[in-house]
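Just below is one structure, and these are the notes that go with it.
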Amino acid sequence: MGASDLVTVFNPHDGAMVRALGVETPVEVLAPLVEVDPIVVPAPGSGRVLFVGAMWRSENDEAARWLLDAVMPEVWTRAPDTRVRIAGARPSSSLLARTDGRLEITGYLDDLATAYQDVAVVAVPLRRGAGLKFKTVEAQAYGFPTVTTTVGAEGVADVVPGMVAAVVDDAASFADALVSALAGRAAGPDVARVRAALDFGASVARHARRCEALVAARRCGPEA
């Protein structure tokens, strides 16, 4: 990275990590690309919890199992009609085998927006992983009440001002937060504010101007 003219990251936290590595190259924070379908809106009375992830990744598979094994038994005790939808490509055969009337596993979806239809709350039960979690940003952009672990929330507050989510790491608290959201006691984020912060076009335009200035500076430098 030291030989580069510019380093691009998706949140200030990652920029700080780059600096901590001793990189002196300028760092530009680029808003993450999050496309939202206007027809998708939270369905508070649906009783459905959604977890989105590339299920072939071990951290997402692990998160899904923790949600089902450690969290949902308590949720189902208190809210027995709750359903869970796990959406994402290439789920394991053992996870698919658990599908029943309360658990839907979609596998790959041509249009991920369909995963959010008829959903009351989004869960991000990640136990490990690094970097900005686009699934959490996307849930906020759609306006869904969101329950996430600290790992799932990493970097999100830096790019989504006023993020509204329950951030909890133990199973009992995660279950409490889901039950509260399913009962309509958890507010969703300010969608207009979130989407303004995630204006990818404006962010790219700023980035392009920065790159153009760097190119111009090189042309005017000693070698010009």
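Readers should treat all values here as calculations from the given coordinates under stated rules, not as data from a laboratory. Treat the numbers as computed from the prediction; the structure is a model and nothing was measured. All Cβ positions, even for glycine, are placed from backbone atoms using ideal geometry, and neighbour counts span all protein chains on display.
Between R127 and T8, the contour length at 0.36 nm per residue exceeds the alpha carbon distance by 40.2 nm. Given R0 = 35 Å, the distance between the Cβ atoms of D110 and W76 translates into a calculated FRET efficiency of 0.70.
Per-residue Karplus couplings for region 71-84, computed as 6.51 cos²θ - 1.76 cosθ + 1.60 with θ equal to phi - 60°, are listed in order as 9, 5, x, 5, 4, 5, 5, 8, 9, x, 8, 5, 10, 10 Hz, Gly and Pro entered as x.
Model label points for D69 and R102, set 7 angstrom from Cα along the Cα-to-Cβ axis, are 1.7 nm apart. Summing +1 for each Lys or Arg and -1 for each Asp or Glu among the other residues whose beta-carbon sits under 11 angstrom from that of V84 gives +3.
Using Stokes-Einstein with the Kirkwood hydrodynamic radius over Cα pairs, what translational diffusion coefficient do you get for region 59-109 at 10 °C and a viscosity of 1.306 mPa s, in µm²/s rounded to a whole number? It would help to have the intermediate numbers written out before the result.
Numbers: Rh = 11.3 Å.
The estimated diffusion coefficient comes to 140 µm²/s.
Between A208 and S173, what is the label-to-label distance in nm when each label sits 7 Å out along the Cα-to-Cβ direction? With each label point 7 Å from Cα toward Cβ, the separation is 4.4 nm. G101: net charge of surrounding residues, Cβ under 13 Å, Lys/Arg +1, Asp/Glu -1, itself excluded? Value of the local net charge: +2.
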